[in-house]
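Just so you know, all these numbers are worked out from the coordinates, no wet-lab data involved. None of the values given here were measured: they were computed from a predicted structure. Because the Cβ atoms are built from the backbone with ideal geometry, glycine has one as well, and the counts that use them run over all protein chains shown.
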Amino acid sequence: MNTPAVNVTWEDLVSTALVGTDRRSTSPGEVLDQAAVQAVRARAGRRTREGRPPAPAAEETRPLAARAAGDRLARMLGGEQARLLPEWLEAAAVIGVRVPAHLIPGLLDLGARDRSIRSHLGALTGARGRWLAELNPSWSYLLAEAADMPSGDLWEFGTSGDRRGYLAALRAAAPAQARELLEQGWDKETPEDRAAFVLLLSEDLGMDDEPFLEAALDDRRREVRQAAADLLTRLPESRLALRMAERAARFLVKDGGGLRADPPKACDSTMERDGVRPRPPAGTAQRGWWLQQVVARTPLAFWAGHLGLPPERAVQLKVGDWAREVAMGWTRAAILQHDARWARALFEVEPLTDLLAVLPPEEQSARAAELVVRHPVDGQMIMMLGGVARPWGPRLAKAVLKKIVETSGTQPWNAGELIRLAGERLDPAMHGHVQEIAELAVTLRFRYDMSKELS
Amino acid sequence: MSAGVANVRRVTERWSRDQVLSLAPDAASQKAAAGVSAPGKWSGSGALPDVVWGECKGSGATPYRACVDLSEPAYKCSCPSRKFPCKHALGLLLLWASGGVPDGGAPAGWVTEWLEQRRSRAERQDKRECEPAQGFRPSNGSAQRESRVTAGLSELERWLTDQIAHGIAGARQTGLADWDELGRRLVDAQAPGVAGAVSRLSRVLREEDWPGLLLEEYALIHLLAVAYRRADGLPAGLVETVRSRVGFPITREDVLASPWIRDDWDVVGARDEEQDRLVARRIWLQGRATGRAALVLSFAPIGQALDASLVTGTTVDADLAYYPGASPVRALVAERYGPATAGPPAGTKLSRVPGRIAEVLAGDPWADSWPVVLGDVIPSAESLVDESGNALPLHPSTGVPWRLLAVSGGRPVTVAAEWTPRGLRPLTVWDEEGQVVRL
């Protein structure tokens, strides 16, 4: 090879090569020789650059999950029994561990797509998770989730997640103090924070909170107004509750053996202020929509006096044209106001999943068991069962297992759905007693091992 | 393996799930293995220090019998799958990795039978390998090959000269077709190594600075052709390097005939790369005592058996035989004596990497990958940094290495990476507990 000309730069060589040596006064062989020497020289002569490492993450305060538990989480993130992931997260949160660092990115990616698992991620991914969330904008949602940190300056300087966590803890310990703290800086909070903070007052809600919430009905942000209105309906003596009861008395009256509905003809500004949304969803009649919302926001205690009937009888009344809207209003009210008696009465008429959630767990399970025994499997039953919290009681377990065996030959798709749900909700200790349904046994065994690793 | 029972007593440390999955031939196998790793699927399972076995319930009446000799590792399963290791063997290992296989127990008859077979086969092989290897004698066939390669490479030299004479500005339009044609001629000329280099040229077109990168590649191919032409004046080691880069085959026997190097070899990382309907698995080793780097390369059609005998994060006591060359790195495992105590490998200082790479390139200017194990480095989004602020960039295709960042959390860790001219590809990191994490 020729001795390379020292004064030729790499850029010169590249530009010569691009246009071709035919247009320059060098030979192609020389260009290739020189390029080879320079290329190898550049590769071999490359030095380290100057770099700045990221600032280290804070020390972890939680212990690492046991290795077996971490390995199981890795399997689930890899797709095995992925539906049980929320249960893993919940169990890990209860025992206060953190996840192995190398699994955090996978978990945070999942949280970016699925909001439902976010609530535990703040604590479970620990200091490392927060450190990563600061670096990756698509994980920044994590900073809005509460992590367990000591208090101190948190209220003043923490991320929104920290501040929500702090306020929630204070509310649980000293409800009035929490509200007063909130009132002090209320005007300076962001709309998102205001909405989240109002919701936190649902813990230990009382008439002391009423003036603050009543004022919040004039907030600029709809979410804040809605949250305040939802809370006020749970206080039968609140001004909002009284206004609603007054409206309800006008729109629904007892008429012989039934009820006559006379829905509002307009949604005035006072109704709107009280949380009634003027525009109905597509396909819903305006007046019925307003009626439904007024019923939903009226304290349920009002009806016993107004109709002279207990809830069990009230739900049986014939309503005529607006029956659907009234039933939906009551249903929504029972859920909003956590009224078990009304929920029970309404469930008797129509077994809606959402109503079950208002009942204590054992009762959910018992009522669901009755339905399963009495009815054939269909989509509605599966939806209803989806709302029954785990673990399912022995009666429900027995009823569902029987249904699975009965339907596996005739309706394999429904049986499949039941197996899937049963796998998630049955007590995992039953894994040894369901051997005849192999898929179920595998899932329960998986959960059984999982719970042992996280105990 | 003639050492047999005497050293089988060494307890194999239980592998992590990640390590097991790295043995799978492809992603589908990983998934399938997870599916059969549930404890409920297995019966009669047990583990001795170096062997795991169990019976897996399949769709048929008879369960599949799977057994893994951990020292190697070697796999056996009665299922008809053509994948290797099959999902049952992997599933069994996953179960074992998660603590789901009870220690001890007497191995069933079929387990001992298989182990016996393996042992006697290994002894027979030992005997065969003790026979003197045949020396290298050029036959008529190889003389013919020699002249074909000579002709093919001088044509290549002319082609390259033409490109530079007319200018490479049009490579984006005509390159793919030209290189395809050129590659075919080089295959006909029995120079598959150069043909491979030509077929990889298309990669540079994706880059923004493609003219510079293309000139670099053309120049290095030119350098190889010139080196082959002038081989008579080159040192012996460099001649070997040139011949292997050109694509002259070297037999296993010839490699094994070179002196062996015994060490405790850390398996520091592995990377699979798909090319021309083949998967190439590159497994990087580093000797504990010698500090030498080694590459064990295996190829298989997509979805088929790849070398699964070296598990990232483990350490094996073995003899390696290196392929000849000026910067030897590719090697064969000549003899395994069993596992050695594992743990994070010793890391080099980041500031010493450029010097090391310069030495490698001084021997083999075409070297484009080399393993480095870096101790006490802090990963950032685009580089690895040491405590004095010296940094080595990551390969652009790596993207932000989130898993690596997560494990380090801004603190120094040991990272194994593949050096390439365009930057480091991180392969493995050891976490705060000394656990290996594949990246």
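If one takes the longest principal axis of the Cα atoms in chain A, at what angle in degrees, from 0 to 90 and to the nearest 10, does the Cα axis of helix A:286-297 lie? So the helix axis and the longest Cα principal axis differ by about 80 degrees. Modelled label positions at A:A66 and A:I95, each set 7 Å beyond Cα in the direction of Cβ, lie 0.5 nm from each other. Close amide-amide hydrogen proximity is noted between B:L424 and B:L394, B:H395, each under 5 Å apart and 5 or more residues distant or on a separate chain (H modeled in the peptide plane; Pro and chain starts excluded).
Compute the FRET efficiency between B:R119 and B:A305 as 1/(1 + (r/R0)^6), taking r as their Cβ-Cβ distance and R0 = 25 Å, and round to the nearest 0.05. List each step's numbers first, then the result.
On the way: r = 22 Å, r/R0 = 0.88.
Once rounded, the FRET efficiency stands at 0.70.
Mean-square fluctuation check for chain B, GNM, Cα pairs under 10 Å: which of B:L295, B:L153, B:L215 is largest? With Cα springs under 10 Å in chain B, the top fluctuation among B:L295, B:L153, B:L215 is at B:L215. Extension gain, A:A357 to A:D321: 0.36 nm times the residue separation minus the Cα-Cα distance gives 10.1 nm. Taking a straight line from the alpha carbon of B:K41, these aspartates and glutamates sit under 15 Å away, with near neighbours fewer than eight places off in the same chain left out: A:E80, A:E436, A:E439, A:D449, B:E55.
For A:R49 and A:E189, what is the calculated FRET efficiency with R₀ set at 45 Å and r taken between the beta-carbons, to the nearest 0.05?
Details: r = 44 Å, r/R0 = 0.99.
E(calc), rounded to 0.05, equals 0.50.
Based on DSSP H segments of at least four residues, each scored -39500 (n - 2.57), chain B has a per-residue ellipticity at 222 nm of -11500 deg cm²/dmol.
List the relative contact order of chain A as a percent without decimals, with contacts defined as Cα pairs under 8 Å and 6+ residues apart. Spell out each step's value before the answer.
Details: 531 pairs, mean separation 39.5, N = 455.
Rounded, it is 9 percent for chain A.
Can you compute the helix-only [θ] at 222 nm over chain A? Use -39500 (n - 2.57) per DSSP H run of at least 4 residues, normalise by all residues, nearest 500 deg cm²/dmol.
On the way: 26 runs with 270 residues, N = 455.
Computed mean residue ellipticity for chain A: -17500 deg cm²/dmol.
The relative contact order of chain B, computed from alpha carbon pairs under 8 Å that lie at least 6 residues apart in sequence, is 12 percent. Here is the list for the range A:134-232: trypsin sites (Lys or Arg not before Pro) lying in DSSP coil, each with at most 10 other C-beta atoms within 10 angstrom of its C-beta, are A:R220.
Shape call for the range A:275-350 from the C-alpha gyration tensor, a ≥ b ≥ c root eigenvalues: rounded (a/c under 1.5), prolate (a/b greater than b/c) or oblate? Prolate is the answer for the range A:275-350, as a/c is 1.5 or above and a/b outweighs b/c. Sequence neighbours fewer than 8 away in the same chain don't count; with that in mind, list the lysines whose C-alpha is under 20 Å from A:K254. Reachable lysines: A:K265, A:K318. Within the P(r) computed for chain A, what percentage of the Cα pairs occupies the region above 43 Å? Within chain A, distances greater than 43 Å cover 37 percent of Cα pairs. Which residues make up the longest stretch of chain B clear of GluC sites (Glu not before Pro) that lie in a DSSP loop with no more than 13 other Cβ atoms within 10 Å, not counting the sites? That gives B:1-206 as the longest site-free run. Please label the shape of the range A:360-453 as rounded, prolate or oblate, based on the square roots a ≥ b ≥ c of the eigenvalues of the alpha-carbon gyration tensor (a/c under 1.5 means rounded; beyond that, a/b larger than b/c means prolate, else oblate). Oblate, because a/c is 1.5 or more while a/b does not exceed b/c. Can you list which of the trypsin sites (Lys or Arg not before Pro) found in the range B:240-288 are DSSP loop residues with at most 14 other C-beta atoms within 10 Å? Qualifying residues, ordered by number: B:R277.
Order of A:S202, B:S37, B:S380 from fewest to most other C-beta atoms within 10 Å? Write out the running numbers ahead of the final one.
Numbers: A:S202 14, B:S37 26, B:S380 22.
Ascending number of Cβ neighbours within 10 Å: A:S202, B:S380, B:S37.
With a simple spin-label model that places each label point 7 Å from the Cα along the Cα-to-Cβ direction, the separation between A:A173 and B:S298 comes to 6.0 nm. Taking a straight line from the alpha carbon of A:K403, these aspartates and glutamates sit under 12 Å away, with near neighbours fewer than eight places off in the same chain left out: A:D378, A:E417. For the range A:261-308, the set of trypsin sites (Lys or Arg not before Pro) satisfying both a DSSP loop assignment and a count of at most 11 other C-beta atoms within 10 Å is given as A:K265. Each residue, B:A346 and A:M207, gets one label point 7 Å from its Cα in the Cβ direction; the gap between the two is 8.0 nm.
Contact order, relative form, for the range B:258-340: 32 percent (alpha carbon pairs under 8 Å, 6 or more residues apart, mean separation divided by residue count). Against chain A, whose longest principal axis is taken from its Cα atoms, helix A:191-200 shows a tilt of about 50°.
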